[in-house]
Amino acid sequence: MNAYLTVDDGPNNVMDEMLDYFVQEKIITIFFVIGQRIEQQEKILLKALQQGFILGNHSFSHPVFSQITLKQAILEIELTEELLNRLYQKAGKERPAKLFRFPYFDQGGENAVELEKCLKYHGFVNLAQTAQQATNITCDFDFQEYLIPQQQKKYSEIIQRVREKDFSTHNSNEQRQIIL
Ligand SMILES: [Zn+2]
């Protein structure tokens, strides 16, 4: 069994610190990055690729996909793909897998079926092979750490949820990855 930690909405101003920590702890991490931040923060992203981290597509401007047109949605995905491909090229790295995560886990409402086709067409894959949606990376456990700054959750509650979660149900015979 493999477990992957996923971090959304990068790159941001704490990414450098995160990279150091994950390298030190040897944690495989996938950063789902927002396309419009790529060029401005190219340096830190190149560093992440050099260190062996994986970058995934998290759309160009982080919209709610059910509230935009299909055309806009596809553009959101494709623009970010171009930027990611360029970045990988610059780093001299092969993309290990094309990964996509919808902002807010919103799969596009009435465009969901068409978007799924689009993602397949572009060669996106899912890490969790048993998932029904083949190409949309959700997660098995959401830390909900983003609720802390909004004061909807306390840090102690987050830790408590992690402690209570029984990961042993994901046994090694399952062809499955844990995605956090
Ligand atoms: Zn996000």
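Scanning region 1-41 for residues that are among the acidic types (D, E) and under 22 Å from F102 (Cα atoms), which turns out modelled with the highest pLDDT?
So in region 1-41, the residues among the acidic types (D, E) come out as 8-9, 16-17, 20, 25, 39.
Now narrow it down to the ones that are under 22 Å from F102 (Cα atoms): 8-9, 39.
Values: D8: 90, D9: 90, E39: 94.
Once the filter is applied, the top-ranked residue is E39.
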Legend entry - Of all residues in region 45-90 being buried (at least 18 other Cβ atoms within 10 Å of the Cβ) and of a type in the set (G, A, S), the one that is nearest to the chain's Cα centre (by Cα): G56
Legend entry - Criterion violated by K26 - all others in (1) within 16 Å of the ligand (Cβ to nearest atom); (2) on the phi > 0 side of the Ramachandran plot satisfied: (1)
Legend entry - Any hit, region 10-18, residues being buried (at least 19 other Cβ atoms within 10 Å of the Cβ), more than 28 Å from G108 (Cβ to Cβ) and of a type in the set (A, V, I, L, M): yes
Legend entry - Residues of region 31-67 that turn out to be touching a Phe, Trp or Tyr at 6+ places or on another chain (Cβ under 9 Å), of a type in the set (A, V, I, L, M, F, W, C) and within 13 Å of the ligand (Cβ to nearest atom), as a count: 5
Legend entry - Residue selected from region 91-119 under the condition more than 19 Å from the chain's Cα centre (by Cα) and under 14 Å from Q50 (Cα atoms), by the criterion farthest from the ligand (Cβ to nearest atom): G92
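The values are calculated or read from the model by the stated rules, or taken from the named source; none is laboratory data. From a predicted model like this one, the values you see are computed outputs, not experimental measurements. Methodologically, a virtual Cβ is constructed for each residue, glycine included, from the backbone with ideal geometry; neighbour enumeration extends over all protein chains shown.
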